[in-house]
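Contents: one structure, followed by commentary.
The values are calculated or read from the model by the stated rules, or taken from the named source; none is laboratory data. Because the structure is a prediction, the values reported are computed rather than measured. Cβ atoms come from the backbone with ideal geometry, glycine included; neighbour counts cover every protein chain shown.
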Amino acid sequence: MGEWEVYDPGWLVELAQAQVPAMLWLAEALSQCRRARKESAAYLHFVDPRNPNMPGSEWQFETNVILVHPEHGELVLDILKGRRVGGIEFISNIEQEF
């Protein structure tokens with residue numbers, strides 16, 4: 001897994017505002033994703049995924065939200081408790097992993 005890097009979530013904020021305007025909190029949550037760590041071509045973390053769903057872990061999964069980008073295709077956002085975005089999966093890149 002790569003190092004944490006500065007990230008500009010502007011394109012995700014715009015996508016969320018356009019596709020799920022009723023979920024006002026999502027655009028705000030995405031705007032807070034200012035650092036990212038690339039796990040693979042298919043997955044980008046915004047929150048440390050160590051010890052998922054265990055006591056004391058930052059990663060407390062709640063649900064997924066799906067967005068569709070004209071260039072990147074289907075995106076699955078991992079939403080954590082507290083309405084935090086844990087990461088994003090680029091579905092079209094999954095086959096590149098194998």
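The number of residues in the stretch 44-64 being crowded, with 18+ Cβ neighbours inside 10 Å and at pLDDT 95 or above comes to 5.
Of all the criteria given as (1) part of a loop (DSSP other than H, G, I, E, B); (2) touching a residue at least 60 places away in the same chain (Cβ under 8 Å), the one not satisfied by residue 12 is (1).
Among the residues examined, residue 76 does not qualify as exposed (fewer than 13 other Cβ atoms within 10 Å of the Cβ) and in a strand (DSSP E or B). Answer with yes or no whether residue 18 is under 15 Å from residue 85 (Cα atoms) and of a type in the set (Gly, Ala, Ser). Considered against the rule, which asks whether it is under 15 Å from residue 85 (Cα atoms) and of a type in the set (Gly, Ala, Ser), residue 18 comes out as no. Only residues that are under 12 Å from the mean Cα position of the chain (by Cα) and part of a loop (DSSP other than H, G, I, E, B) were counted in the stretch 15-38, giving 3. Checking each residue of the stretch 52-60 against the condition of being touching a Phe, Trp or Tyr at 6+ places or on another chain (Cβ under 9 Å) and either assigned to a loop (DSSP other than H, G, I, E, B) or among the acidic types (Asp, Glu) (or both) gives at least one match.
For the stretch 63-74, filtering for residues that are more than 17 Å from residue 22 (Cα to Cα) and without any contact (Cβ under 8 Å) to a residue 40 or more places away in the chain leaves 5.
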